[in-house]
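Novice: Please find one structure pasted underneath; my questions will follow.
The values are calculated or read from the model by the stated rules, or taken from the named source; none is laboratory data. Just so it is clear, the structure is predicted and the values come from calculations on it, not from any experiment. As a convention, Cβ positions derive from the backbone with ideal geometry for all residues, glycine included, and neighbour counts pool all protein chains shown.
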Amino acid sequence: MNETQEELTRALVLHPDIRSDGQRRAAGPAYEEAVALAAALPHLEVVGGTVVRLPRPHPGMLFGSGKIQELAEWIKRDEIALVLIDGPVSPIQQRNLEKEWKCKVLDRTGLILEIFSDRAATREGVLQVEMAALSYQRTRLVRAWTHLERQRGGLGFVGGPGETQIEADRRAIDDQLVRLRRQLDKVVKTRNLHRAARAKVPFPIVALVGYTNAGKSTLFNRLTGADVMAKDMLFATLDPTMRSVKLPDGPEIILSDTVGFISDLPTELVAAFRATLEEVLAAQVILHVRDISHAESALQAADVRDILESLGTSKEVPMIEVWNKIDRVDEERRETLMNQAARSDNTMVLSAVTGEGLDELLATVSEALEGARVEETLELGFSDGKKRAWLFKKGFVLEERQTETGFEIDVRWTQKDSNQYKDV
């Protein structure tokens, strides 16, 4: 076994399928997502997992005594160091399970925080994760508070070097939160200055949003030629990335790639990453990217819409649904999706990998930003020099012909441009 393998933490993934939960998701896809979440951490090795069906959660242990014993034998046999439970686990349940199983236990919120900490690249992202983690830890005084001593990425929830069982103290956490807020305020002020500088450049913002792993970063790279991390992995992108793109036959835009959304996103993270999603609030057009090949694409889309609504995005901002990964569906399903999209003005079907449908998407974005472009022929007299100069300055002129009384000018423009022309 090499050194890299020795450092891996052996993990077991459990998805509690609780019948009494009115919000429960289909167990199969939910479990697969949980495994994908665990796989997003490079220092974890998922050695097994299962769906655990429950009529209702046990208040002290989450699972029944028989299942606890069965899982304890599995954990001992496979030398599991960490059990990831895909759902909420109370501090008492966590402490009791760790005592029974003699290993670490992490719930869904803790795992997502760990991934966010591992991925955050900008100073603001790092600070936001620290604050979210501290808020999470504050409710769990039975847990060890080790992440401030960490010697590698992550929050220390899943073990690692330098781990000492220091009990979290509320006052210490609160002091740390105050310190982090001060640092974050300084970073946000700097970011606001950058945003103000961008605002002086009159480029509209087009924001990519979507469920995690929907293919936003792959689409972003395809459209911009950038080299944003784009892997078949949950939360591959955490910090906002922005690039300018010249639309064919349209304006120059700023394209913004954002953090992927996920169902049951911890409240602390929605608040902590609000600043990261500010570009969405400032966007003139939102592209909602969906993995249309995913079995729960519709449910994922509903989760995204709920989070956008909670962020306060304006209903007046045009939103285009981008059905991505069409290359992954069979021919019959593909034909059905194409027919559905054809009946909608704001749905596009494409593959960010093959490039299919990208031209149509860009044309739709251009129309959404400026309205549909039409060609017209205008007749101007020799005395209409100001109007003629304005048309050329705006780049609307396709062709000009001189007549006995003035000019015939072929233009291509939007209704908005036409209205402005009347006031020149």
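Novice: Filter region 306-317 down to the residues that are surrounded by fewer than 16 Cβ atoms within 10 Å (Cβ to Cβ) and either modelled with pLDDT of 85 or more or under 16 Å from P29 (Cβ atoms) (or both) and list them by number.
Specialist: Across region 306-317, the qualifying residues are D306, E309.
Novice: Looking at region 401-424, which of its residues are free of Cβ contacts under 8 Å to residues at least 12 places away in the same chain and closer than 17 Å to E375 by Cα?
Specialist: Hits for region 401-424 are R401, N419, Q420, K422.
Novice: Here are the criteria: (1) within 18 Å of I326 (Cα to Cα); (2) in contact with a Pro (Cβ under 7 Å, 6 or more places away or on another chain). Tell me which single one A368 does not satisfy.
Specialist: Answer for A368: the failing condition is (1).
Novice: From L155, L180, grab the single residue that is at pLDDT 65 or above, under 24 Å from the mean Cα position of the chain (by Cα) and surrounded by 15 or more Cβ atoms within 10 Å (Cβ to Cβ).
Specialist: Of the residues listed, the single one that is at pLDDT 65 or above, under 24 Å from the mean Cα position of the chain (by Cα) and surrounded by 15 or more Cβ atoms within 10 Å (Cβ to Cβ) is L180.
Novice: Same structure again: Looking only at region 52-73, decide whether some residue is among the acidic types (D, E) and crowded, with 16+ Cβ neighbours inside 10 Å.
Specialist: no
Novice: Same structure again: Can you list residue pairs whose Cβ atoms sit under 6 Å apart, with the first residue in region 71-82 being under 9 Å from C103 (Cβ atoms) and the second being aliphatic (A, V, I, L, M) and outside any loop (DSSP other than H, G, I, E, B)? Count only pairs 6 or more apart in sequence or on different chains.
Specialist: I80/L12; L82/A11
Novice: Do any helices (runs of 4 or more DSSP H) lying entirely in region 1-106 carry at least 1 residues that are touching a helix residue (DSSP H, G or I) at 6+ places or on another chain (Cβ under 9 Å), and which ones are they?
Specialist: Once the helices (runs of 4 or more DSSP H) in region 1-106 are filtered for at least 1 residues that are touching a helix residue (DSSP H, G or I) at 6+ places or on another chain (Cβ under 9 Å), what remains is 27-39, 65-77, 91-101.
Novice: Turning to a different aspect of this structure: Being within 18 Å of S256 (Cβ to Cβ), modelled with pLDDT of 90 or more and not aliphatic (A, V, I, L, M) is the filter here, so list the residues in region 271-304 that pass it.
Specialist: H288, R290 - these are the residues of region 271-304 that are within 18 Å of S256 (Cβ to Cβ), modelled with pLDDT of 90 or more and not aliphatic (A, V, I, L, M).
Novice: Looking at this structure, is D327 within 24 Å of G215 (Cα to Cα), acidic (D, E) and at pLDDT below 90?
Specialist: no
Novice: Another one. Out of all the residues in region 80-106, which are more than 34 Å from the chain's Cα centre (by Cα) and surrounded by fewer than 16 Cβ atoms within 10 Å (Cβ to Cβ)?
Specialist: Scanning region 80-106 gives K99, K102.
Novice: What residue, among those in region 331-349 that are in a helix (DSSP H, G or I) and not hydrophobic (A, V, I, L, M, F, W, C), is surrounded by the most Cβ atoms within 10 Å (Cβ to Cβ)?
Specialist: By that ranking, first place goes to R334.
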